[in-house]
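The values are calculated or read from the model by the stated rules, or taken from the named source; none is laboratory data. The structure displayed is predicted, hence computed values, not measured ones. Please note: Cβ atoms are built from the backbone with ideal geometry, for glycine as well, and neighbour counts cover all protein chains shown.
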Amino acid sequence: MTMKAIRQQQHGDIDQLKLETVQIPQPGPGQILVKIHAAGVNPVDTYIRAGTNGYTASMPHTPGKDGAGTIAAMGDDKHHFLQVGDRVYIAGSLTGTSAEYALCESRQVFPLPANVSYEAGACIGVPCATAWRALFQRGNAKPGETLLVHGASGGVGLAAVQLGIAAGMTVIGTAGTEEGRQLVKDQGAHLVLDHHSDTHLEDLLEWTHGQGVNLTLEMLANVNLGHDLSALAHGGRVVVIGSRGTVTINPREIMKRDAAILGMALANASEQEMNAIHAALYPSLASGSLKPVIAQEFTLDNLGEAHNAVLEPGARGNIVIKVC
């Protein structure tokens, strides 16, 4: 049997993405075949497609790490908590999610709460897991602390705002457009600032009565990291989630605050850490305290446009591909 899938034969721009008819993969032991209803599009997908920022892929390649759908087949009966027909979301796959079916390892497939749509489910694997790992595994976030999400209107940023509020933190978010700032405010952020304003960190310090923030999640470190340090409280931490270049910092800003700069990449999480992340995300999704925000939806044959859209400035949520 066959399916439609996006494939590329070499690294390059979006013109390398072709809609093809290919064989539906069959699951072996420890594998699950998922019928994809929606797929997520993340910046990392574009880096893999292009072969940039240290990423590469074996060809032919079908893009996409995230998706949601129903279990079509299972390679064995060892997955006692999942069965054929179950609604699930995917956090990584063996064959790529920009297709009508995706073959996954069983550890990459998780139950999707009944109240979460397939489109929202396609926004969990990278954005929500990244936010949770940054906050709790790397940033050691605690109730009562003040959190700055520097670049809060994208998929990861909005998830971090929601998770921080649910964890009992005071949350400050920034965005570069009026629409983005309103979206961050709608998620419940206690203070929203324009990160294009030269005084936004001064405004933050005034609002916190000079105390600064305990934790900053930084989405664009090459622009902001050198300034973030001046807004930290004593013992504050910055977790670097994204960067598109180099940056100069003054180490004394770290020294005088006993502060820390922490890097993170979701791919560095161990299997045990990934299990902890997704175990924590389920109740947040089921309760509605974590609710992925969708900015734009595209069809499978317009994946190239989606790849361009996810890199545009002024993000306002997640980019999704509707497959069926």
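Taking the options S289, S284, name whichever one is at pLDDT 95 or above, among the hydroxyl-bearing types (S, T, Y), within 26 Å of T177 (Cα to Cα) and under 19 Å from the mean Cα position of the chain (by Cα). Only one candidate qualifies: S289. So is P43 closer than 19 Å to V320 by Cα, outside the structural domain of L262 (by TED's automatic domain parsing) and modelled with pLDDT under 95 or not? Yes; evaluated as a whole, the condition is true for this residue. Contact annotation: residue pairs with Cβ atoms under 7 Å, 6 or more positions apart or on different chains, pairing a residue in the range 281-297 that is of a type in the set (D, E) with a partner that is crowded, with 17+ Cβ neighbours inside 10 Å and in a strand (DSSP E or B), are E297/V320.
Across the range 132-155, the number of residues qualifying as under 23 Å from H278 (Cβ atoms), of a type outside the set (A, V, I, L, M, F, W, C) and assigned to a loop (DSSP other than H, G, I, E, B) comes to 4.
Which is on the phi > 0 side of the Ramachandran plot and either assigned by TED's automatic domain parsing to the domain that holds M219 or out of contact with any Phe, Trp or Tyr (no Cβ under 8 Å at 6 or more places or on another chain) (or both), of G144, G164?
Working: G164 fails: on the phi > 0 side of the Ramachandran plot.
One residue alone meets the criteria, G144.
The strands (runs of 3 or more DSSP E) found wholly in the range 239-324 and carrying at least 3 residues that are in the same structural domain as S153 (by TED's automatic domain parsing) and within 23 Å of A152 (Cβ to Cβ) occupy 260-263. Among residues of the range 60-81 that are assigned by TED's automatic domain parsing to the domain that holds C104 and in a loop (DSSP other than H, G, I, E, B), those with a beta-carbon under 7 Å from a residue that is surrounded by fewer than 16 Cβ atoms within 10 Å (Cβ to Cβ) and not aliphatic (A, V, I, L, M) at least six positions away or on a different chain give the pairs P60/Q9; G75/G28; G75/P29; G75/G30; D76/P29; D76/G30.
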